[in-house]
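The values are calculated or read from the model by the stated rules, or taken from the named source; none is laboratory data. The model shown is predicted, which means the values in this text are computed figures rather than measured ones. With ideal geometry, Cβ positions are generated from the backbone for all residues, glycine too; neighbour counts draw on all protein chains shown. The area values use the complete protein model at the heavy-atom level, side chains included, leaving out ligands, DNA and RNA. Shrake-Rupley method; radii C 1.70, N 1.55, O 1.52, S 1.80 Å.
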Amino acid sequence: MLKKNLTALAASMLLLSSVSVLAANYKIDKQGQHAFVEFRIKHLGYSWVYGSFKDFDGSFSFDETDLTKNKVNVTINTASVDTNHTERDKHLRSSAFLNVDKHKQATFKSTEVKKAGDGYAIIGDLTLNGVTKPVTLDAKLIGQGNDPWGNYRAGFEAHGNITLKDFAIKTDLGPASQQVELIISVEGVREK
């Protein structure tokens with residue numbers, strides 16, 4: 001009888017420990033330069049202009065077995081926009097685009113995460129230029145596991161599209177440049 005109880009106790013502890021591994025909170029690793037918030041937009045329909053936001057922070061919760069526990073929160077400092085062209089970056093910071101003097105931050109807060117094919121659909125509210133609109137990001141788990149420094153990490157890549165006019169950006173860049181493609185790659189360190 002004692003052996004049976006010990007076996008049941010050990011099995012319960014194993015089950016509880018595996019559940020705690022599945023449901024976890026992660027801090028985005030921006031210090032190690034393992035996270036990127038990038039975008040691209042067509043230039044006159046002939047090529048792409050790529051850019052990124054250099055200063056952002058955030059966190060996510062990830063549970064493969066219970067998607068209702070998953071969430072994403074990111075804050076971006078809009079003045080950190082960088083397209084590798086000083087004059088264009090000044091123009092993007094102006095009231096014609098991001099209006100960074102008035103709207104210093106953009107935020108994304110998920111409202112739902114659901115399975116989509118071999119990845120996930122992350123639905124959330126994006127606040128940009130003082131306007132909040134729902135956005136869906138198509139995300140994939142790149143990998144997860146222990147790192148050499150005693151931490152546990154999980155990495156994701158996500159893509160989405162936004163329309164400039166939806167966020168009160170009225171500057172007309174031509175018919176081929178109405179949408180911006182978002183390209184996000186993050187690696188998070190599980191909180192202990």
Can you check what the net charge comes to around Ala116, using other residues whose Cβ is under 13 Å from the Cβ of Ala116 (Lys, Arg +1; Asp, Glu -1)?
-> 0
Estimated [θ] at 222 nm from DSSP helical runs (n ≥ 4, -39500 (n - 2.57)) normalised by residues in the chain, nearest 500 | -5000 deg cm²/dmol
Where chymotrypsin sites (Phe, Trp or Tyr not before Pro) in DSSP loops with at most 14 other Cβ within 10 Å are excluded, longest remaining stretch of the chain | 47-148
Using modelled backbone amide H atoms (1.01 Å from N, in-plane), which distant-in-sequence or interchain residues come within less than 5 Å of Ala116's amide H?
-> Ala121
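Could you work out the per residue convex hull volume over the alpha carbons of segment 52-109, in cubic angstrom?
83
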Return the label of the correct value of Rg and Dmax of the Cα atoms in Å, as calculated from the structure shown, out of [x] 17.2, 65; [y] 20.3, 78; [z] 15.5, 47.
-> [y]
For segment 79-164, what D do you get in µm² per second when you plug the Kirkwood radius from alpha-carbon pairs into Stokes-Einstein at 37 °C and 0.692 mPa s?
-> 214
Cut-off 16 Å (backbone N to label point 7 Å along Cα→Cβ of Gln105), residues of segment 111-135 = 125-132
Pull out the extension gain between Lys115 and Gln178, defined as 0.36 nm times the separation in residues minus the alpha carbon to alpha carbon distance; nm, one decimal.
-> 19.8 nm
Grab the beta carbon distance between Asp138 and His34, set R0 = 22 Å, and tell me the FRET efficiency rounded to 0.05.
-> 0.60
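If you take every residue apart from Val186 with its C-beta less than 9 Å away from the C-beta of Val186, what net charge results, scoring Lys and Arg +1 and Asp and Glu -1?
That works out to -2.
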Which whole-Hz couplings ³J(HN,Hα) result when phi for each residue of segment 124-135 is put into the Karplus expression 6.51 cos²θ - 1.76 cosθ + 1.60, θ = phi - 60°, listed in order with x for Gly and Pro?
-> x, 9, 9, 10, 9, 6, x, 10, 10, 9, x, 9
Within the accessible area of the chain, what % is carbon and sulfur when the probe is 1.4 Å and the other protein chains stay in place?
-> 55
Considering only Cα-Cα distances, which of the following residue pairs are longer than 19 Å: Lys69/Lys140; Lys71/Lys104; Lys69/Lys109; Lys104/Lys133; Lys30/Lys54?
-> Lys71/Lys104
Potential lengthening between Arg190 and Arg88 on full extension [0.36 nm per residue; Cα-Cα distance subtracted] = 33.0 nm
Derived scalar couplings ³J(HN,Hα) [segment 174-191; Karplus, 6.51 cos²θ - 1.76 cosθ + 1.60; whole Hz; x for Gly, Pro] | x, x, 7, 10, 8, 10, 10, 8, 9, 10, 10, 10, 9, 10, x, 9, 5, 6
In whole Hz, with x marking every Gly and Pro, tabulate ³J(HN,Hα) for segment 52-60 from phi via Karplus 6.51 cos²θ - 1.76 cosθ + 1.60, θ = phi - 60°.
-> 8, 10, 7, 10, 7, 8, x, 8, 8
